[in-house]
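Step one of this worksheet: look at the structure below.
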Amino acid sequence: MTGVRLHPFTLLAIAGALPALAWILPAPAGAAATLAVALVLTLTPGGRPGSAGTRLSPGWRPGLAGLRTAVLTAAPFWLFLLLLHDVPTTLSIGLRITTMVASFVWLVAALEPARLVEAMVAAGWSASIAYLLAATLSAVPVLKARAQRIVEAQRCRGLSSRGGIAARLRALRALALPLVLSALHEVDERALALETRGLVPGIHRTPLAPPPDPVVERAARWVLLLACLFALIRRLM
Amino acid sequence: MRSLTLEGASFWYPATESPVLRDVSLEVAQGEIVALVGALGAGASTLLLVAADLAPRVTGGRLAGAVARRDRSGIVLPTPWTQLSGMAFTVWDEVAFGPANLGWPTHEIARQVDRALEQLELVPLASRNPTTLSGGELQRVIIAAILAMDPGLVLFDEPAAELDADGTRTLWRLIRLLANEGKAVLLATSALDALPDVADRVVWLEDGAVRAVGKPDLLADVAVCDAGLGTSVATVWRAGGLPGPYPLTVAHAVQRWR
């Protein structure tokens with residue numbers, strides 16, 4: 001079955017509109033509805049080649065991973081909210097925060113950075129800004145993969161990440177330091193490489209394969225924007 | 001015609017007091033291949049960054065002296081995996097990243113990319129995801145990505161570090177081809193045995209300063225061999241206690257024996 005490949009701006013619009021609506025619409029019903037949509041989206045596997053990306057096509061395994069990531073990331077927020085607030089407040093804020101987390105998790109899995117750059121350049125944005133935004137969105141999977149490699153390397157050297165809290169803290173330190181240092185080192189080298197490959201401020205990049213932007217999707221983005229505005233006005237009145 | 005001229009160039013990295021380059025004067029002409037040799041920390045990589053206009057513009061630090069570039073430069077850094085754009089899911093797109101940034105028309109981008117892929121024997125890998133390639137394949141992709149931007153001055157920092165024997169031979173042939181096309185090539189390498197066939201001139205750097213400049217015969221010089229920078233043949237000849245001048249290559253050694 002061929003998947004639907006949404007334009008990057010449409011993906012950004014959906015991922016932006018869901019948290020916005022979660023905070024605008026009355027809780028808990030409004031936030032619960034947006035969270036339901038966001039969680040369903042995390043179940044749709046992404047289409048980023050080699051990991052998870054833009055293709056909304058069947059197949060549940062990558063989606064379950066996205067759902068699990070969203071739930072595990074949001075869980076600590078629920079814990080602290082419960083400690084600080086009563087149940088109704090916890091519910092309303094927790095649902096909203098979880099919507100934000102789930103939307104972001106879905107966006108990271110669904111958005112191909114290269115397509116975003118192409119789309120932004122075709123729309124007249126600066127290539128440097130487009131790259132910056134795309135690189136930020138792709139930083140999560142890159143850091144995750146690097147952390148996995150470091151954990152494997154540390155395990156080879158006998159470090160155990162299981163056991164009591166002290167052992168886990170030691171393992172965390174052994175992961176965090178190389179992760180931060182290697183990321184900083186790579187940023188340095190990547191800056192040099194990107195400069196020499198012409199990614200400098202003020203360039204007029206040629207879009208190589210700008211993603212198609214059908215009228216339906218453009219209309220859908222306007223509908224999402226208007227829906228947010230309408231909900232905001234309705235809430236304020 | 002000179003493509004690159006350095007006159008009395010000294011360079012300090014940020015927050016350091018002693019210069020990494022000291023009063024370096026060097027010229028590289030179009031169609032010429034100049035090799036930088038030296039021990040680790042001699043300043044060859046920094047010299048390439050200065051030549052590429054990345055130091056101090058991107059790295060920070062301070063440059064004294066004069067640097068003049070006639071052509072646009074492209075530099076191939078030694079670690080290919082940090083040079084990927086991260087914005088391409090095929091080798092073709094990765095190679096096209098630079099030309100697209102130059103704003104060239106799409107047909108010109110396609111022509112340069114296809115040419116670079118052919119030169120580096122990467123056509124069969126054109127649709128592969130760059131992150132799935134081996135180190136050697138990735139190094140060839142990065143070299144192709146720089147060549148596709150058609151730089152007049154090509155700078156290589158340890159270009160053979162990730163390559164196997166076949167890939168290395170292809171690289172040296174390619175560098176010779178680039179010089180024949182009129183490009184200026186400046187390379188820092190520890191693959192000293194290749195230089196007699198590849199380089200037109202060799203520059204010996206020591207502690208950031210130019211210690212000697214000469215033809216590739218320099219790599220059989222007694223002082224160079226004492227510094228561990230001679231070719232394998234010259235080094236073995238010296239280690240065997242045989243009299244100088246040391247032969248540079250196997251062919252020279254055979255001639256000497258006869």
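The values are calculated or read from the model by the stated rules, or taken from the named source; none is laboratory data. Being a predicted model, the structure only gives us computed values, none of them experimental. Because the Cβ atoms are built from the backbone with ideal geometry, glycine has one as well, and the counts that use them run over all protein chains shown.
Worth a mention:
- Across region B:86-98, the qualifying residues are those that are at the interface with another protein chain (Cβ under 7 Å from one of its Cβ atoms) and part of a loop (DSSP other than H, G, I, E, B), and the one among them that is nearest to A:GLU186 (Cα to Cα) is B:GLY86.
- Applying the condition of being in a loop (DSSP other than H, G, I, E, B) and of a type in the set (A, V, I, L, M) to region A:207-234 and asking which residue is surrounded by the fewest Cβ atoms within 10 Å (Cβ to Cβ) yields A:ALA209.
- Conditions (1) touching a residue at least 12 places away in the same chain (Cβ under 8 Å); (2) among the small types (Gly, Ala, Ser); (3) more than 14 Å from chain B (Cβ to nearest Cβ): number failed by A:ALA114: (3)
- Here is the figure for region A:102-116: residues that are under 14 Å from A:LEU72 (Cα atoms) and modelled with pLDDT under 90 total 0.
- Any chance B:ALA9 is modelled with pLDDT of 95 or more and within 14 Å of chain A (Cβ to nearest Cβ): no
For (1) out of contact with any Phe, Trp or Tyr (no Cβ under 9 Å at 6 or more places or on another chain); (2) within 12 Å of chain B (Cβ to nearest Cβ); (3) surrounded by 17 or more Cβ atoms within 10 Å (Cβ to Cβ); (4) over 24 Å from A:THR73 (Cβ atoms), each residue gets a yes or a no:
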{"site": "A:MET100", "(1), (2), (3), (4)": "no, no, yes, no"}
{"site": "A:VAL121", "(1), (2), (3), (4)": "yes, yes, yes, yes"}
{"site": "A:SER128", "(1), (2), (3), (4)": "yes, yes, no, yes"}
{"site": "A:ALA134", "(1), (2), (3), (4)": "yes, yes, yes, no"}
{"site": "A:ALA145", "(1), (2), (3), (4)": "yes, yes, no, no"}
{"site": "A:GLN148", "(1), (2), (3), (4)": "yes, no, no, no"}
{"site": "A:GLU152", "(1), (2), (3), (4)": "yes, no, no, no"}
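- Extreme residue, farthest from the chain's Cα centre (by Cα), among residues of region B:120-177 that are in a loop (DSSP other than H, G, I, E, B) and hydroxyl-bearing (Ser, Thr, Tyr): B:SER127
- In region A:164-206, the qualifying residues are those that are outside any loop (DSSP other than H, G, I, E, B), surrounded by 11 or more Cβ atoms within 10 Å (Cβ to Cβ) and among the small types (Gly, Ala, Ser), and the one that is nearest to the other protein chains (Cβ to nearest Cβ) is A:ALA193.
- Scan of region B:61-85 for residues that are aliphatic (A, V, I, L, M) and either out of contact with any Ser or Thr (no Cβ under 8 Å at 6 or more places or on another chain) or at the interface with chain A (Cβ under 7 Å from one of its Cβ atoms) (or both), ordered by number: B:ILE75, B:VAL76, B:LEU77
- Just one of the listed residues (B:VAL113, B:VAL50) is within 10 Å of chain A (Cβ to nearest Cβ), hydrophobic (A, V, I, L, M, F, W, C) and out of contact with any Gly (no Cβ under 6 Å at 6 or more places or on another chain), namely B:VAL113.
Table: residues versus (1) farther than 25 Å from B:LEU48 by Cβ; (2) without any contact (Cβ under 8 Å) to a residue 60 or more places away in the chain.
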site	(1), (2)
B:SER73	no, no
B:GLU94	no, yes
B:ALA100	no, yes
B:PRO105	yes, yes
B:GLU108	yes, yes
B:LEU120	no, yes
B:THR131	yes, yes
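- None of B:TRP257, B:TRP172, B:TRP204 is surrounded by fewer than 19 Cβ atoms within 10 Å (Cβ to Cβ), out of contact with any Phe, Trp or Tyr (no Cβ under 8 Å at 6 or more places or on another chain), at negative phi and among the aromatic types (Phe, Trp, Tyr) except B:TRP257.
- Pair list, Cβ under 6 Å, 6 or more apart: region B:142-160 residue within 12 Å of chain A (Cβ to nearest Cβ) and buried (at least 24 other Cβ atoms within 10 Å of the Cβ), other residue among the polar types (S, T, N, Q) and part of a helix (DSSP H, G or I): B:ALA148/B:GLN112
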